[in-house]
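Everything below concerns the one structure shown next.
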Amino acid sequence: MRLAVGMGLFRGAGTLLSIFPRSLAAAASARSQALVYERHGEPVQVLQLKDLERAELGHSGVHVKMLAAPINPADINMIQGTYAILSDLPAVGGNEGVGQVVEVGSHVTSMKPGDWVIPADAGLGTWRTSAVFSEETLVKVPRDIPLLSAATLSVNPCTAYRMLTDFETLAPGDSIIQNAANSGVGQAVIQIAAALGLKTINVIRDRPNLQEVVDRLKSLGADHVITEEMLRKPGMKDLFKKVPKPRLALNCVGGKSTTEMLRHIQHKGTMVTYGGMAKQPVTVPVSAFIFKDVKLCGFWMTQWKKEQTQNKDRFTGMILTLCNLIHKGQLTAPACTEVPLKDYRIALEASMKPFISTKQILIM
Ligand SMILES: NC(=O)c1ccc[n+]([C@@H]2O[C@H](COP(=O)([O-])OP(=O)(O)OC[C@H]3O[C@@H](n4cnc5c(N)ncnc54)[C@H](OP(=O)(O)O)[C@@H]3O)[C@@H](O)[C@H]2O)c1
């Protein structure tokens, strides 16, 4: 079955561009392949690789050839129908990625053919070979950064950067603690924190190849890498002889991991919850509130972006700051496995396995 990408027929581009009469020249190349879901469910069951007709360019459209797009936990949750925002169905999967501009409409001013672009917001539907998006749904990035860095830039490094800068005023030498430190966000936290002169205490789950993961995180700049079990042991006292107690804790997990992490936070420190990988609630001992006066808050990048609609420069400014770190070699893409789009099932299955420790990237 072929779906048309156009007004009222298809959603997932965040952009519904009306279909204009197509020229014969355009018709020859006006096709794209996309991973489409028509109902919510397990991704391997509901996603299908389909042949789509691309919308016409119009005046404000940007024809983008997608180059690479990661599979993130939020993409999976959106397809399962359990995420806080859901696309109208049928939809194209994927919220992040990088593409190259092929052609722009006559009213488009901020990008030109050859530029690299990333999504400005969630819901773009990036798991496809090409599409016509509207200009305001895209942000230009420098073309001289590595492809995998560009493909994974708009969600996790931005989340890491905001959490490190918006909740506590931290100075070089201060420390932070985080769980799921080997996640995409965690790897960005380690690198951005190191660039800011902050010490990181990184908690991961025990696994057969523990030393390999520890070595990798240390090579990114992690100061201390410990397992969930070590976090509960009295030996933590020794660690805090070398590094100050953290003012900021970043929680991606929930459940016991969070409660244990909270025990080590400084008086009046802050814990920011941004993920719930263990699918368990955050349990906080009353003593943490009474005797430590800790602050617990949450962060959601999608909401942050929504709040910047009047101030888009803030988002583009952050992207440039992160690209600057990439240029300086201080921020690299997470460990990645590149998978051709046609093998998407393999990538989806791998992305949902525990201890996989690499981000699956669909190569278009
Ligand atoms: N709030 C926001 O704005 C925002 C932005 C970006 C991401 N996120 C969220 O952050 C989380 C991480 O995203 P990501 O793209 O960085 O993920 P990722 O690279 O796919 O990594 C997933 C991480 O979760 C860990 N994990 C999986 N199941 C777990 C469990 N049951 N208990 C403890 N740890 C578990 C994995 O550890 P193992 O190696 O031990 O399996 C790994 O460290 C997701 O929940 C995502 O939705 C939130």
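The values are calculated or read from the model by the stated rules, or taken from the named source; none is laboratory data. Quick caveat: nothing in here was measured; it's all calculated off a predicted structure. No Cβ is skipped: glycine too gets one built from the backbone with ideal geometry, and neighbour counts run over all protein chains shown. When the accessible area is computed, the model is the full protein with side chains, heavy atoms only, and any ligands, DNA or RNA have been set aside. Shrake-Rupley method; radii C 1.70, N 1.55, O 1.52, S 1.80 Å.
Explain nothing, just the number: dipole magnitude of the chain about its Cα centre with +1 on each Lys and Arg Cβ and -1 on each Asp and Glu Cβ, in debye rounded to the nearest 20.
700 debye
Which length gain, in nm to one decimal place, applies between Lys241 and Arg31 when the Cα-Cα distance is subtracted from 0.36 nm times their residue separation?
Fully extending the segment from Lys241 to Arg31 adds 69.5 nm.
So for each of 265-274, 30-39 I average, over its residues, the number of other beta carbons within 10 Å; can you give me the resulting order with the highest mean first?
Highest-to-lowest ranking by the protection proxy: 30-39, 265-274.
Would you work out which of Gly317, Val92, Thr332 lies farthest towards the positive end of the dipole of the chain, given +1 charges on the beta-carbon of Lys and Arg and -1 on that of Asp and Glu, about the Cα centre?
Thr332
In a solvent-free Debye calculation with one equal scatterer on each Cα, what is log10 I(q)/I(0) for region 156-302 at q = 0.14, 0.16, 0.21 Å⁻¹, listed in the order of the q values?
Cα-only, vacuum Debye calculation for region 156-302: -0.58, -0.78, -1.48.
Mean 1/r over all different Cα pairs, inverted: what Kirkwood radius does region 62-152 give, in Å?
Roughly 13.3 Å, rounded to one decimal.
Under the rule of -39500 (n - 2.57) per DSSP H run of 4 or more residues, summed and divided by the residues of the chain, what mean residue ellipticity at 222 nm is obtained, to the nearest 500 deg cm²/dmol?
That calculation yields -8000 deg cm²/dmol at 222 nm.
Ranked highest first by average number of other Cβ atoms within 10 Å, how do 310-317, 340-347, 50-57 line up?
The most tightly packed comes first, giving 50-57, 340-347, 310-317.
Provide the net charge surrounding Lys312, with neighbours chosen by a C-beta distance below 11 Å and charges set as Lys +1, Arg +1, Asp -1, Glu -1.
-1
Taking a probe of 1.4 Å, how large is the accessible area per residue of region 220-359, in Å²?
In whole numbers, region 220-359 has 54 Å² accessible per residue.
Choose one of Leu57, Thr169, Val102: the residue whose Cα lies farthest towards the positive end of the charge dipole of the chain (beta-carbon charges +1 Lys, Arg; -1 Asp, Glu; about the Cα centre).
Looking along the dipole axis, the top candidate is Thr169.
Which of the listed residues, His264, Leu220, Gln280, is farthest toward the dipole's positive end in region 156-302, when Lys, Arg count +1 and Asp, Glu count -1 at the beta-carbon?
Positive-most Cα among the choices belongs to His264.
Once neighbouring chains are kept in place and the probe is 1.4 Å, which whole percent of the accessible area of region 207-276 is contributed by carbon and sulfur?
55 percent
What order, most packed first, do the peptides 126-134, 65-73, 280-288 have when packing is the mean number of other Cβ atoms within 10 Å of each residue?
Highest-to-lowest ranking by the protection proxy: 126-134, 65-73, 280-288.
Given +1 on the Cβ of Lys and Arg, -1 on the Cβ of Asp and Glu, and no further charges, what dipole in debye does region 156-302 carry about its Cα centre, rounded to the nearest 20?
280 debye
What nm distance separates the two modelled labels at Lys306 and Glu338, each placed 7 Å from Cα along Cα→Cβ?
The answer from the label model is 3.6 nm.
Quote to one decimal, in nm, the extra length available between Leu89 and Lys65 on full extension: 0.36 nm per residue of separation minus the C-alpha distance between them.
Extending this stretch completely gives an extra 6.4 nm.
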